[in-house]
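Worksheet: one structure, shown below.
Just so you know, all these numbers are worked out from the coordinates, no wet-lab data involved. As the structure is a computational prediction, the values presented were derived from the model and not from experiment. Every residue, glycine as well, gets a Cβ built from its backbone with ideal geometry; the counts of neighbours run over all protein chains shown.
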Amino acid sequence: MQVVIQPDAEAIASLVADEIERLLRQRPETVLGLATGSSPLAIYDELVRRYEAGRISFARSRAFMLDEYVGLPADHPERYRNVIEREIAGRVDFAPGAVQGPDGNAEDIPAACEQYEAAIAEAGGVDLQILGIGSDGHIAFNEPGSSLASRTRIKTLTSQTRRDNARFFDGDVDAVPHHCLTQGLATIMSARHLVLVATGAGKAEAVHHLVEGPVSAMWPATVMQHHPRATVLLDAAAASRLQLGDYYREVFANKPAWQGL
Ligand code: F6R
C-alpha cells in the first residue's frame with residue numbers, strides 16, 4: 001500500500017487527475033470507478049477543468065458507481081445517480097448510458113445486484129477505482145462486519161454513517177435511508193488500481209486502522225492491505241495518527257518518476 005501525504009485536497013486531486021489523464025490518453029476506453037460523498041469532489045472539479053481545457057475526453061470511457069441508497073425517489077437530489085450526474089458525469093462528455101450505478105429502486109433487489117456485477121464484468125472490470133472512507137472504516141457502504149469476500153448486495157447503514165450523511169439531507173438524520181445497495185469488498189478488490197482519498201481529522205482513526213491496523217471486518221477498508229496496487233492519499237490531519245508518517249513522506253519524495261501514482 002502506497003501512502004501519499006499532501007498539503008490539501010487540491011494537491012491530492014491534482015495527483016489523482018494526473019493518473020486518470022495518463023490512463024485516458026493511453027486507453028480512451030478506460031473504465032473508472034466513481035465514489036460519491038465529499039472526498040472525491042476536488043478530483044471531479046479538476047477532471048472537469050482538464051476536460052474543458054481539451055486535455056482529456058471521457059467519450060469512449062465508462063464508469064461504475066460504488067453504491068446507491070434504496071428507496072429514494074428517482075428525482076431526489078441526494079440519490080447517488082443524481083449526485084454523480086451533478087458532480088461529474090453531466091459536466092464532461094461521457095456517452096449516454098456510459099455511467100452506471102446499482103438500481104436502488106429495483107423491484108427485485110438480488111437480481112439487480114447480480115446484473116450490476118455482470119455489467120462490471122462485461123465492461124472488462126474497473127481500471128481505477130476512486131474511494132472515500134467512512135469514519136467507521138467503511139468503503140463504499142461496506143459497514144463494519146461486512147464479509148471481506150462480499151459482492152454487490154443490500155446493506156443496512158450504521159447509525160454513525162446515517163449521522164455523518166445527514167449533512168446532505170438538511171441535517172435531518174431521519175431523512176437518510178436505512179438501506180443501500182453497495183459493491184462488495186471483493187467487487188472493489190477486483191479493480192486494478194484502488195485510489196482512496198481522505199482529508200480531515202475526522203478520518204484519522206479510520207485511516208490509522210486502514211493503513212497500519214490488522215485486517216479485520218470490523219474496519220472493512222483494511223481489506224485493501226491485500227490489494228497489489230492500493231494508493232491512499234491523505235492530508236496531514238487524516239494522516240495524524242499514522243505511526244510511519246515520516247517514512248511515507250520520505251518514500252513519496254524519493255519515488256522514481258517513471259512509477260507514476
Ligand atoms: C460513497 C461511498 C462512501 C464514502 C464515505 C466517505 O459513494 O462509497 O464510502 O466515500 O462515506 O464519505 P465522505 O467523502 O463524504 O466523507
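Under 5 Å between amide hydrogens, built in the peptide plane, is the criterion, and for Ala140 it picks out Gly132 among residues at least 5 positions away or on other chains. Relative contact order of segment 2-259: 24 percent, from C-alpha pairs under 8 Å at least 6 residues apart in sequence. Remark on Arg229: its backbone amide H falls under 5 Å from those of Leu194, a criterion applied only to residues 5 or more positions apart or on other chains, H modelled at 1.01 Å from N.
Exposure here means at most 14 other Cβ atoms within 10 Å; with GluC sites (Glu not before Pro) in a DSSP loop as sites, the longest stretch of the chain lacking them is 108-261.
Each residue of segment 216-232 was assigned a 3J(HN,Hα) from its phi angle through the Karplus expression (A = 6.51, B = -1.76, C = 1.60, θ = phi - 60°), giving 7, 4, 5, 10, x, 4, 4, 4, 4, 4, 8, 7, x, 9, 10, 10, 10 Hz with x at Gly and Pro.
Nearest 5 percent is fine: what portion of the DSSP beta bridges confined to the chain is antiparallel?
Details: 9 of 31 bridges.
Expressed as a percentage, antiparallel bridges in the chain total about 30.
Based on DSSP H segments of at least four residues, each scored -39500 (n - 2.57), the chain has a per-residue ellipticity at 222 nm of -9500 deg cm²/dmol. Between Ala201 and Glu85, the simple label model (points 7 Å from Cα in the Cβ direction) yields a spacing of 3.9 nm.
In terms of surrounding Cβ atoms within a 10 Å radius of their Cβ, Val173, Val16 rank from fewest to most as Val173, Val16. Backbone N atoms of segment 127-165 closer than 15 Å to the 7 Å Cα→Cβ label point of Gln115 belong to residues 153. Derived scalar couplings between HN and Hα for segment 154-163 equal 7, 9, 9, 6, 6, 5, 4, 5, 5, 5 Hz in order, rounded to whole Hz, by the Karplus curve 6.51 cos²θ - 1.76 cosθ + 1.60 (θ = phi - 60°), x for Gly and Pro. Amide H contacts under 5 Å for Leu157: His179, Cys180, restricted to partners 5 or more places along the chain or on a different chain, H placed in the peptide plane at 1.01 Å from N.
Residues Cys113, Cys180 in ascending order of nearby Cβ atoms (within 10 Å, fewest first): Cys113, Cys180.
Can you give the local net charge around Gly184? Use residues other than it whose beta-carbon is closer than 15 angstrom to its beta-carbon, Lys and Arg +1, Asp and Glu -1. In short, -2.
Other residues whose C-beta falls under 14 angstrom from the C-beta of Ala237 contribute a net charge of -1, scoring Lys and Arg +1 and Asp and Glu -1. Set the Cα radius of gyration of segment 130-261 against 2.2 N^0.38 Å, with N its number of residues, and you get 1.10.
Give the Kirkwood hydrodynamic radius (Å, one decimal) of the chain, defined as one over the mean of 1/r across all pairs of different Cα atoms. Don't skip to the end; give the middle numbers.
Details: mean 1/r = 0.0542 Å⁻¹.
It works out to 18.5 Å.
In terms of surrounding Cβ atoms within a 10 Å radius of their Cβ, Leu244, Leu32, Leu15 rank from fewest to most as Leu244, Leu15, Leu32.
Note: relative contact order over segment 133-261, using C-alpha pairs below 8 Å and six or more positions apart, is 29 percent.
Can you give the net charge of the other residues whose Cβ lies under 14 Å from the Cβ of Ser14, counting K and R as +1 and D and E as -1? Intermediate results must be reported in sequence, preceding the final value.
Values: positive: Arg22, Arg49, Arg50, Arg55; negative: Asp8, Glu10, Asp18, Glu19, Glu21, Asp45, Glu46, Asp235.
Around Ser14, the surrounding residues sum to -4.
The alpha-carbon positions of segment 63-155 define a convex hull whose volume is 122 Å³ per residue.
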